[in-house]
Structures are given as C-alpha cells and as structure tokens.
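Reading through the structure tokens given below for one structure.
The values are calculated or read from the model by the stated rules, or taken from the named source; none is laboratory data. Quick caveat, the model's predicted, so the values are computed rather than measured. Every residue, glycine as well, gets a Cβ built from its backbone with ideal geometry; the counts of neighbours run over all protein chains shown.
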Amino acid sequence: MYKIAQVDAAKCSATNCRLCTLYCPEPNTLLYDEKRKTTFVAIDRCKGCGACVRICTDIAKRSCIKMVPVGDVQNGFEMSKYGFPNKE
C-alpha cells in the first residue's frame, strides 16, 4: 500500500515550527497555513519518502506527522490548475 504524510493539525499548530516545509524534497507538497498555524499536505504531490517524519520526529522532537495509507488520509487536498483549495 502506498503511504503519504498525514499532519496532526492540533499538534502542529501548537508548535508552529515549519521545519518540515523547509526540508520536504518535493516542491509545493508540505505547505503552511498562516491562518490555521499548521502544515498541510498536497496528497497528489507527496511521494511517500518520509523525510518530513524524520525531521518532525527526530530533529524537531514534535511527532506531528506520520505516514498513512493514501486511502486513509483525512483533510487532504489535490492541487489543481486553479490553485490552492479554499480553506476557511
């Protein structure tokens, strides 16, 4: 089963570190929502490398990201030619 990153928004918003967005090797995959103060994942761009998990868990000591089967992703979105989704 193909796995991709899943961010725990509650944990992530409490830390506000953004390291995962800096070290993700795939552009426009892990993005930061200024309004919600959390990182989110573009599910159609995530390659499942796990770099974000290593950064969040081992370097930042936060454990806000885990790898989950693509079918189990909650609150994911896909990029479109019209830009980012409208998030409240």
Original post:
In region 11-21, which residues are of a type outside the set (S, T, N, Q) and either without any contact (Cβ under 8 Å) to a residue 12 or more places away in the chain or on the phi > 0 side of the Ramachandran plot (or both)?
Top reply: Ala14, Arg18
Original post:
What is the residue count in region 35-50 for residues that are under 18 Å from Met1 (Cα atoms) and either surrounded by fewer than 18 Cβ atoms within 10 Å (Cβ to Cβ) or modelled with pLDDT of 95 or more (or both)?
Top reply: 7
Original post:
When only residues in region 8-40 that are in contact with a Leu (Cβ under 7 Å, 6 or more places away or on another chain) and of a type outside the set (A, V, I, L, M, F, W, C) count, which is farthest from Ser63 (Cα to Cα)?
Top reply: Thr21
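Surrounded by 16 or more Cβ atoms within 10 Å (Cβ to Cβ) and either within 11 Å of the chain's Cα centre (by Cα) or at pLDDT 90 or above (or both): is that true of Arg54 in this structure?
Judged against the criteria, Arg54 is not a match.
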Original post:
Can you tell me which residue in region 3-21 is modelled with the highest pLDDT, limited to those that are of a type in the set (S, T, N, Q) and within 9 Å of the chain's Cα centre (by Cα)?
Top reply: Thr21
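For residues that are outside any loop (DSSP other than H, G, I, E, B) and over 17 Å from Ser13 (Cβ atoms), tally how many sit in region 41-54.
So the first thing to find is which residues in region 41-54 are outside any loop (DSSP other than H, G, I, E, B), and the list is 41-42, 51-54.
Applying the additional criterion that residues be over 17 Å from Ser13 (Cβ atoms) yields 42, 51, 53-54.
Of the residues in region 41-54, 4 are outside any loop (DSSP other than H, G, I, E, B) and over 17 Å from Ser13 (Cβ atoms).
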Subject >> Hits in region 23-49 - residues which are in contact (Cβ under 8 Å) with a residue 12 or more places away in the chain and among the acidic types (Asp, Glu) >> reply: Glu26, Asp33, Asp44
Original post:
Since Asn86 meets every condition but one in (1) loosely packed, with under 14 Cβ neighbours inside 10 Å; (2) at pLDDT 90 or above; (3) not aliphatic (A, V, I, L, M), which condition does it not meet?
Top reply: (2)
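Just one of Gly76, Gly71 is surrounded by 15 or more Cβ atoms within 10 Å (Cβ to Cβ) and at pLDDT below 90; which is it?
On the way: Gly71 fails: surrounded by 15 or more Cβ atoms within 10 Å (Cβ to Cβ).
The match here is Gly76.
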